[in-house]
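Okay, structure first, notes after.
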Amino acid sequence: MVDVLIAGGAVMGASVAFWLSRLDPTLDIEVIEPDPSYATSSTALAASGIRMQFSDRVNVEISRFGVDFIRDFARHIGPAGEVADLGFKENGYLFLTTSDTGAQVMENLAAMQRELGASTQVLDRAALRARFPWMALDDITAGSFGSRDEGFFDNMGLLNGFRNAARAAGVRWVRDRVTALERDGARITAAVLETGGRRTAQVFVNCTGPRAAILMRTVGLDIPVEPRKRTVFIVDAPMARHPDAPLVIDPSGIYFRPEYNQWLTATVPATDGPCAPDDFDPDLQLFEDEIWPALYHRSPGFEQARMRRWWVGHYAFNTLDQNAILGRNPQVPNLYHANGFSGHGLQQAPAVGRGIAEQIVHGDWVTLDLSALGMQRVLDGQPMTEAAIV
Ligand SMILES: Cc1cc2nc3c(=O)[nH]c(=O)nc-3n(C[C@H](O)[C@H](O)[C@H](O)COP(=O)(O)OP(=O)(O)OC[C@H]3O[C@@H](n4cnc5c(N)ncnc54)[C@H](O)[C@@H]3O)c2cc1C
């Protein structure tokens, strides 16, 4: 019997394993992960951004810890992590609004975010024009901009650093898939593996990303998480090369950010719903129908934009409130969740891994109280509303 068995070894599983091995080096920990390439994991397919601009304080605090950790990753993770730097590009995030009401909401949120150490400023149209002269802003009233502690970084570096450091501390990565859990009343007793084996453990952690609900159903539990497809495009626009631009969240619903001399861009499809966990067919029409017109509207430099490549990733979409579902399951207390991150889990991995490890080792949240994101709200049907969802 192992002490802790983690199903899923991408960024969340690796972060939980890393922090557990730090907090209690005597623990025997196994991570079950079927795909060492991580080719279809959300972690590998993310836009890799981190921001302070959330409407809920807990989400701001989670990213506050995340950005310090990411900025100074090599020191935090130690030499065993074998990652020198996550290449954090601190270009900022820019949320744009077309209404005065939207501008007022931005002012209120910026004040809260600054209280928590963020640099968010609300810029009016003139200030936006001065700062981003390449943008067409006639329809914009204001933009909320964080010039510090926001940007994008190396997603796979974050995963690899956690995993290398955890393995160096004795955590075992097993190439297999957990096909089912076994339950005896209020305890999970074992994990059944695809290759025929079976593992018993004191504690189980579900880090299976968009497939999290499938695993829960094997023990009669329900979590409101489903895979949702997101097609990401890499675009070349020779007349609009702005490698220092922020990640822009446009009122049209698209977002775009520089990817070296090109752009990375995506949107939520108009008809958004669950997809099969192995459906990675792209929605290429989105580029012509929605993304390109919106890019061109925001900057004439995008007139000559050409789609160069694309990929499809899955959000682990939490249908209750698009927020993470974290920690001990009140119905089955030796089961822990790191699920439902929707579009903002990568940046949350450092704080979430630390929190779940603290809950397992010390019995409760210690450094940061993450109870607002716990499973109890799901059982009570009480969404934790987050207005800044991308
Ligand atoms: C297009 C896109 C853009 C995004 N942009 C951002 C962003 O800018 N910023 C941000 O913070 N977040 C972003 N995200 C979200 C972020 O990628 C995820 O929240 C985060 O990577 C979740 O990590 P995870 O380890 O929980 O899940 P995943 O990375 O999906 O990993 C789950 C792992 O579990 C394994 N697994 C599945 N089933 C089983 C099983 N039964 N047994 C064992 N293992 C199993 C899988 O092989 C996989 O490796 C984005 C996501 C997408 C799709």
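Since every read-out is calculated from the coordinates, none of them should be taken as a lab result. None of the values given here were measured: they were computed from a predicted structure. Please note: Cβ atoms are built from the backbone with ideal geometry, for glycine as well, and neighbour counts cover all protein chains shown.
Seen from every direction in turn and averaged, the convex hull around the alpha carbons of region 1-98 projects onto 8.7 nm². Scattering from the chain was approximated by placing one identical point on each alpha carbon and applying the Debye formula without solvent; log10 I(q)/I(0) at 0.14 1/Å stands at -1.22.
From the P(r) of region 45-151, could you give the percentage of C-alpha pairs in the tail past 17 Å? Don't jump to the answer; show the numbers that get you there.
On the way: 3260 of 5671 pairs.
Value for region 45-151 (Cα pairs over 17 Å): 57 percent.
The modelled label-to-label distance between M1 and E115, using points 7 Å beyond Cα along the C-beta direction, is 4.6 nm. Relative to a virtual label point 7 Å from the Cα of M307 in the Cα→beta-carbon direction, which members of region 269-295 show backbone nitrogen distances below 12 Å? Residues 282-293 fall inside that zone.
What percentage of all Cα-Cα pairs in region 229-318 are separated by more than 15 Å? Percent of Cα pairs beyond 15 Å in region 229-318: 57. Between A372, N261, A14, the Cα set farthest toward the positive side of the dipole of the chain (charges on each charged residue's Cβ, about the Cα centre) is that of A14. Put simply, region 194-254 fits an ellipsoid with semi-axes of 42, 15, 12 Å; these come from the alpha carbon gyration tensor as the roots of five times its eigenvalues, largest first.
Its Cα gyration tensor gives region 140-257 an equivalent ellipsoid. The semi-axes, each the square root of 5 times an eigenvalue, are 41, 20, 14 Å from largest down. In region 134-282, Cα pairs under 8 Å separated by at least six residues give a relative contact order of 15 percent. Comparing L284, L370, L346 in a Gaussian network model of the chain where C-alpha atoms under 10 Å apart are linked, the largest mean-square fluctuation is found at L284. Only alpha carbons enter this Debye calculation for region 316-390, each as an equal point scatterer, and the log10 of I(q)/I(0) it gives at q = 0.16, 0.24, 0.26 Å⁻¹ is -0.53, -1.17, -1.33. Spatial offset of region 1-70 relative to region 109-178 amounts to 17 Å, using the alpha carbon center of each.
Computed about its Cα centre, the charge dipole of the chain is approximately 640 debye, with only Lys, Arg, Asp and Glu carrying charge at their Cβ.
Taking every alpha-carbon pair within region 283-363, the share separated by more than 16 Å comes to 67 percent.
Could you work out [θ]222 nm for the chain from helices alone, using -39500 (n - 2.57) per DSSP H run of at least four and dividing by all its residues? Round to the nearest 500 deg cm²/dmol. Walk me through the numbers on the way to the answer.
Working: 11 runs with 107 residues, N = 390.
Result for the chain: -8000 deg cm²/dmol, rounded to the nearest 500.
Take every Cα pair under 8 Å whose residues are at least 6 apart in sequence, average their separation, divide by the length of the chain, and the relative contact order is 23 percent. Of D124, D85, D380, the residue with the greatest mean-square motion in the GNM of the chain, using alpha carbon springs below 10 Å, is D380. Taken over region 240-390, the convex hull of the Cα atoms encloses 143 Å³ per residue.
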